[in-house]
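*Asks:* For reference, the structure I am asking about is given below.
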Amino acid sequence: MAENSTVTLSRVNTPPAQTWNYLRANDITLEVPFVSRKGDVYFALPRLFESIECGMGQQVTEWIESQATDASYVEVRAGEKREEPIVVTGMDTGVMVRAGAEATVVVCVGGAKGSVGSLSASSAAGETGQGPSESANEANASATSKQLSTSAALVRIIAEHDARVHVLEFVAADDEVQHIESVGITADARAHVDARQYFLGAGTTAAGLTCSLNGSSARFDLTCRYLGREDERLDINHVVRMRGRNGRTNVTESGVLDGHARKALRATIDLVHGSSGSEGTELENVLILSDDVTNKTMPVILCDEDDVAGNHGATIGSVGPEQIRYLADRGLAEHEAEALYVRALFDESLIAAPTADVRAVLLERAKAVLGEDIANDLVEGLELDAVAHEED
Amino acid sequence: MHSQLLRVSDVSAGTEDKPILHDVSLAVGAGETHVLMGPNGAGKSTLGRVVMGDPTYQVTSGSIFFDDADVTNEAADKRSLAGIFLSYQAPVEVPGVPLYSYLRTITQKRPELKMTARKFRARVGEIADQLDMGSSFLTRELNVGFSGGEKKKIEMLQLLLLRPKLAILDETDSGLDVDALSVVSKGIEAYRQDCDGSLLIITHNTRILERLTVDRTHVMVQGRMVAEGPGSLIDDIDAHGFEQFERAGEDGGAA
């Protein structure tokens, strides 16, 4: 292989159980840079992290490990409540949250190159990529030729028993960015993990998250909010393995698609043998604002245990007539009502943003999407500006 | 009567296959408080929605003038911006939209209410205090997961924030416990005092009127306006019910 070249990650981000290939919903194929690291001294994560299943699959894990200049390991001691968020800055990060501890893990990608795990390879991922869905690979398309830079993050988290972990993911990059984010989490007994994902921009966002509830009475709550517009592409894979008894999972995905955006969301709750007493719910709500949008949703409940409950549902459509009427009665025409949903995504992400740096990234994206006036209004109204200045 | 703010003249309206309102006329002066009463199914809520411009209903004859402008064919959002506010009996849930984003957007649509985001937030805080609302509600999704009483408080919050010229309150008191009813009544009173707006209150419950001076009372039966009188007419209805008006309605004319 050449020193600096591109490689193809073929059919990654797959769910545990796949559907018909002709639906082209099972996976994504990505053209990514490859920089030779021969001779580099690489600090690898402890072996324990190797066993963690990550959302985008082993092929992506191996690629990121091969590209990362180093791995970051963070440990939160047993019983410690860590106030300062753990901000992911490298491509390969492992976080160990010991028993009874609490921690917040933040991944944030923004700007023209992506701020996390940005690959400086000027080989322009995607320039050599296959065309969109008509490509030889029948399952999915490669990155489009418009994309110039690739960023990537691999985050593996171990939550020991009774730990409390908050995961915050923000992707708000420019259209020239292809971002790849693979997250793997394991939760022991009574651990409670909540994750919030905000995918608000990037030419291609490919994101996978797998959470394995290994211990009894463990809990996982996932909220995923996304915006796809113009020619953006979103490929999301959520997998929850419920292995321990009496586990609880609640997955809520919702977003807005406009322009020619293409989105595939795969969400699987796997009630593994031994997970009796567990309950898992997955619900997606997609708002479609354009006739040219491509939306694919693949909710799956796998069940190999008695005495469990698995629920899923999806609502796909435009803004409901009741909502349109209500908003019109308060002065908003239909297109303004639709714009409100987009603004709301940014409002919500800014409320969730834990640091000034993250807010700055979101604000830049909000300016590009909503315009400068509204973006500044968001920050001022949410009283975030003062905090940002202090921290700056 | 003060100068007429709303004038509904001989309006007949209904859905595609069902006429509901028959030659209804009603006039509300600036700064006045009117009460619209009638038995269930009389068409009171429909009249409120027709005035607001709900596209579910078609006006087949008659006209609606608001603030000296013919709004009969105007869309609801235009009527809202002109100063008409309809408070919902069952406010609609809007998932995906935090209350803050919503309030800020509808306020910014009105040039006369434009203010900096900081002042806006302070203003919302003041009104929320007036209505005994907590501070965390702003980040919650609009009307999602709120109790019936909380939803009505959010309606009142919007009423006080938007300061419309005319507020149509469609059974705002329905389903409220005593405490929530008291808060909502205070909200309506505050609207009258602070905004000097007009009120058209659709209600079955006279308790919500205790803090208000009612200028006129209207009675509807079977889609027709069958009686109009002073505020004291409410006491008469309270004592004797709608039977006398229902008979008039069967005769097809106004009392």
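All of the numbers you see were taken from the coordinates with simple rules; none came from a lab. Not measured: the values here are computed from a predicted model. Here Cβ is always computed from backbone atoms with ideal geometry, including for glycine, and neighbour counts include all displayed protein chains.
*Asks:* Please report A:Leu345, A:Leu350 as a ranked list, fewest other C-beta atoms within 10 angstrom at the top and most at the bottom.
*Replies:* A:Leu350, A:Leu345
*Asks:* Turning to a different aspect of this structure: Tally Lys and Arg at +1 and Asp and Glu at -1 over the other residues with C-beta under 12 Å from the C-beta of B:Glu32: what net charge comes out?
*Replies:* Summing Lys and Arg as +1 and Asp and Glu as -1 gives +1.
*Asks:* Taking the highest mean first, how do the peptides B:118-129, A:276-287 order by number of other beta carbon atoms within 10 angstrom per residue?
*Replies:* A:276-287, B:118-129
*Asks:* Right, something else. In a Gaussian network model over chain A where Cα atoms closer than 10 Å are linked, find which of A:Tyr42, A:Tyr326, A:Tyr198 has the largest mean-square fluctuation.
*Replies:* Highest fluctuation among the options: A:Tyr326.
*Asks:* Name the helices (complete DSSP H segments) of chain A with a Cα length along the long axis of 18 Å or more and a Kyte-Doolittle mean of at least 0.5, or state none.
*Replies:* Flagged H segments are A:356-370.
*Asks:* How big is the antiparallel share of DSSP beta bridges in chain B, given as a percent to the nearest 5?
*Replies:* 60
*Asks:* Moving on. Restricting to bridges with both residues inside the range A:4-318, how much of the DSSP beta-bridge set is antiparallel, in percent to the nearest 5?
*Replies:* 5
*Asks:* Any chance you could run the full-extension gain for B:Lys119 through B:Asn73? It's 0.36 nm times the residue separation minus the Cα-Cα distance, nm to one decimal.
*Replies:* That pair, B:Lys119 and B:Asn73, stretches by 13.0 nm at full extension.
*Asks:* Further question on the same structure: Over the range B:1-123, what relative contact order in percent results from Cα pairs under 8 Å that are six or more residues apart?
*Replies:* 23
*Asks:* Right, something else. Which FRET efficiency value, to the nearest 0.05, is calculated for B:Asp10 and B:Thr56 with the Förster distance at 25 angstrom and r the Cβ-Cβ distance?
*Replies:* That gives a FRET efficiency of 0.75.
*Asks:* Return the aspartates and glutamates within reach of A:Lys81: Cα separation strictly under 14 angstrom, same-chain partners fewer than 8 residues apart disregarded; answer none if there are no such residues.
*Replies:* List returned: A:Glu102, A:Glu160, A:Asp162.
*Asks:* Another one. Report the antiparallel proportion of the DSSP beta bridges in the protein assembly as shown as a percent, rounded to a multiple of 5.
*Replies:* 20
*Asks:* Restricting to Cα pairs below 8 Å that are 6+ residues apart, what does the relative contact order work out to for chain B? Please round to a whole percent.
*Replies:* Taking the mean separation of contacting Cα pairs over the length of chain B, I get 25 percent.
*Asks:* Classify chain A as rounded, prolate or oblate, taking a ≥ b ≥ c as the square roots of the eigenvalues of its Cα gyration tensor: rounded when a/c is under 1.5, otherwise prolate if a/b is larger than b/c and oblate if not.
*Replies:* Verdict is rounded for chain A.
*Asks:* Given a cut-off of under 8 Å on Cα pairs at least six residues apart, what relative contact order in percent is computed for the range A:4-318?
*Replies:* Dividing the mean separation by the residue count of the range A:4-318 yields 14 percent.
*Asks:* Too long at a 23 Å Cα-Cα cut-off: which of B:Lys18/B:Lys44; B:Lys78/B:Lys186; A:Lys367/B:Lys153; A:Lys367/B:Lys109?
*Replies:* Distance filter (> 23 Å) returns B:Lys78/B:Lys186; A:Lys367/B:Lys153.
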